[in-house]
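Have a look at the structure below before the remarks.
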Amino acid sequence: MKLNRKEAPQLQKINKLRIPNMESFSLDNGIPVWLMNTGSQEILKIQISFPAGTVFQNKALLAFFTHKMLFEGSKNYSASQIAEKLDFYGAYVDTKTSKDRAYLNVFCLTKHLDKVLEVVVDVLTQATFPEKELLIMANQEKQQHIINQKKVKTIAQRTFNKKIFGEDNVYGKLAKTSDYDLIKCHDLQGFYKQFYAPQFWSIFVSGKIEETSLNSLQKHFGQINISQKGANITNPISFTPPILEEIFIAQKGALQTAIKIGKIGLDRNHKDYAAYSLAQTILGGYFGSRLMKNIREDKGYTYGIYANTTHHNQRSIFSIFSEVSSSVSKEALKEIRKELKTLRTKEVGNQELQLVKNYISGSLLRSLNGPFSLGEMMRMLKENSLPDDYFTQHINDIQNTTANDILNVCNQYLHEEKMLSIMVGS
């Protein structure tokens with residue numbers, strides 16, 4: 001039958017996800033490993049998770065530079081030798097630090113895993129943090145920091161962060177320019193010894209996993225001595241409710257004004273998370289959202305405006321962000337609040353509601369496309385103590401959410417008069 005390309009295909013309701021089974025085991029020394037064995041290409045991703053985020057540091061920038069400096073030299077290899085060996089075997093290494101954890105991602109061909117892990121484990125257990133490399137890196141990062149501090153977007157984000165968490169809270173503390181001159185090698189070595197102790201590691205492997213891959217994991221990770229005592233990583237944090245005020249910061253000569261508004265959001269395991277997720281998406285979670293239609297397409301105030309939730313271990317933060325022409329900043333903020341109010345006072349129409357339900361379900365399917373994306377899903381579930389069928393249940397909850405559920409959630413959690421507002425511009 002010939003396709004009629006003038007007609008869009010029928011929408012299919014997504015009710016269930018087919019996700020490969022996750023496997024888990026412990027190495028000989030007790031380090032936990034999770035596996036997502038899928039994919040046709042002989043390539044692997046090994047992600048190692050450390051409880052070494054910024055909430056654990058007692059000095060600004062410790063977590064960031066400790067993690068970034070890992071591959072700058074070890075007892076057996078110089079930085080150039082590490083780079084050469086990884087390049088020779090076609091491996092790629094990526095590092096990331098968040099408020100709660102630090103991650104090391106290693107991508108390599110399955111057949112070269114043994115040789116790649118030989119270098120990676122040496123770095124993770126015997127990093128030296130050479131002073132010369134630290135000085136160069138600290139100076140480079142300092143210059144980038146100085147440039148960023150002049151951007152209205154950065155000022156708005158930093159101010160929002162301090163106000164929503166509190167300046168004295170570990171989640172709210174931010175580095176100053178002078179902190180880049182105070183970071184020392186012995187600081188990094190102390191943080192490394194405390195928070196990179198092997199008994200704290202979690203290893204997530206995704207891709208085409210063979211028997212030789214498991215043998216390599218056991219050979220290199222499973223034989224590490226974990227008798228070294230690490231830090232106490234139990235880190236409950238007390239939070240003071242933020243003052244939900246409106247703040248304007250003058251930035252002379254700025255052509256645009258950054259707008260950042262938000263409040264404490266809902267965690268993924270909250271009973272109202274499905275309705276909350278739908279409300280957020282309708283408001284500003286995709287290109288056809290109400291904020292985009294109003295403030296970009298109708299008013300022409302901005303190129304883009306988005307609403308999202310950032311999830312941390314002990315807090316989730318809902319926020320809306322945009323940069324608009326300074327001449328219309330007040331009008332833009334007024335329209336944002338107007339859309340928030342509409343969402344909590346007028347039921348979403350059936351057509352829009354079903355569209356966004358399909359969008360969320362389809363986006364979730366797309367985000368789980370491929371072995372490495374599935375590996376990220378596996379890590380997120382385990383680190384947040386969520387059940388293996390969480391995403392299937394989430395889609396079911398999304399499909400069963402009503403327009404009235406969204407009204408209730410918006411009135412309870414997304415009231416426009418109960419948000420912190422930051423504006424930075426001329």
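The values are calculated or read from the model by the stated rules, or taken from the named source; none is laboratory data. None of the values given here were measured: they were computed from a predicted structure. Note that each Cβ is placed from the backbone with ideal geometry, even for glycine, and that neighbours are counted across all protein chains shown.
Based on this model, can you work out whether Phe160 counts as in contact with a Gly (Cβ under 8 Å, 6 or more places away or on another chain) and in a loop (DSSP other than H, G, I, E, B)? Break it down stepwise before answering.
Numbers: in contact with a Gly (Cβ under 8 Å, 6 or more places away or on another chain): yes; in a loop (DSSP other than H, G, I, E, B): no.
So Phe160 fails the test.
Any chance you could count how many residues in the range 63-77 are farther than 15 Å from Met137 by Cβ and in a strand (DSSP E or B)?
1
Would it be correct to say that Ile31 is closer than 24 Å to Asn313 by Cβ and buried (at least 19 other Cβ atoms within 10 Å of the Cβ)? Explain how you work it out, then say what you get.
Working: closer than 24 Å to Asn313 by Cβ: yes; buried (at least 19 other Cβ atoms within 10 Å of the Cβ): yes.
For Ile31, the condition - closer than 24 Å to Asn313 by Cβ and buried (at least 19 other Cβ atoms within 10 Å of the Cβ) - is met.
Pick out the one residue from Lys68, Lys85, Lys99 that is under 18 Å from the mean Cα position of the chain (by Cα), under 21 Å from Val119 (Cβ atoms) and in the same structural domain as Asp187 (by TED's automatic domain parsing). First the steps, then the outcome.
Details: Lys85 fails: under 18 Å from the mean Cα position of the chain (by Cα); Lys99 fails: under 21 Å from Val119 (Cβ atoms).
The match here is Lys68.
Kindly list the number of the only condition in (1) under 17 Å from Arg337 (Cβ atoms); (2) of a type in the set (Val, Ile, Thr); (3) not in a strand (DSSP E or B) that fails for Ile237.
(1)
Per-residue answers, yes or no, for (1) surrounded by 18 or more Cβ atoms within 10 Å (Cβ to Cβ); (2) free of Cβ contacts under 8 Å to residues at least 24 places away in the same chain; (3) at positive phi:
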{"position": "Ile164", "(1), (2), (3)": "yes, no, no"}
{"position": "Tyr171", "(1), (2), (3)": "yes, no, no"}
{"position": "Asp179", "(1), (2), (3)": "no, no, no"}
{"position": "Leu188", "(1), (2), (3)": "yes, no, no"}
{"position": "Phe195", "(1), (2), (3)": "yes, no, no"}
{"position": "Glu211", "(1), (2), (3)": "no, yes, no"}
{"position": "Gln218", "(1), (2), (3)": "no, no, no"}
{"position": "Ser227", "(1), (2), (3)": "no, yes, no"}
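Go through the residues of the range 404-422 one by one and say whether even a single one is surrounded by 20 or more Cβ atoms within 10 Å (Cβ to Cβ) and farther than 26 Å from Ile243 by Cβ.
Pass one, the range 404-422, residues surrounded by 20 or more Cβ atoms within 10 Å (Cβ to Cβ): 406, 409-410, 413-414, 419-422.
Subset that is farther than 26 Å from Ile243 by Cβ: 406.
Yes, that holds for at least one residue.
Failed condition for Phe318, given (1) modelled with pLDDT under 95; (2) closer than 24 Å to Ser98 by Cβ, with all others met?
If we test Phe318 against (1) modelled with pLDDT under 95; (2) closer than 24 Å to Ser98 by Cβ, just (1) comes out false.
Condition first: closer than 11 Å to Ala127 by Cβ and not in a helix (DSSP H, G or I). Now tell me which residues in the range 185-204 satisfy that.
Across the range 185-204, the qualifying residue is only Tyr196.
What tally of residues in the range 280-305 results from selecting those that are surrounded by fewer than 18 Cβ atoms within 10 Å (Cβ to Cβ) and under 30 Å from Lys382 (Cα atoms)?
First, the residues of the range 280-305 that are surrounded by fewer than 18 Cβ atoms within 10 Å (Cβ to Cβ): 286-288, 293, 297-300, 303-304.
Narrowing further to those that are under 30 Å from Lys382 (Cα atoms): 286.
Final tally of qualifying residues: 1.
Test of understanding: among Phe287, Phe248, which residue is free of Cβ contacts under 8 Å to residues at least 12 places away in the same chain, of a type in the set (A, V, I, L, M, F, W, C) and over 30 Å from Phe195 (Cα atoms)?
Answer to the selection: Phe287.
List pairs: first residue in the range 32-60 and in contact (Cβ under 8 Å) with a residue 24 or more places away in the chain, second residue in a strand (DSSP E or B) and of a type in the set (D, E, K, R) anywhere in the structure, Cβ distance under 6 angstrom, at least six positions apart or on different chains.
Here the result reads Leu35/Glu23, each pair linking the range 32-60 to a residue that is in a strand (DSSP E or B) and of a type in the set (D, E, K, R).
Any idea how many residues of the range 359-397 are modelled with pLDDT of 90 or more and within 16 Å of Gly285 (Cα to Cα)?
Qualifying residue count for the region: 2.
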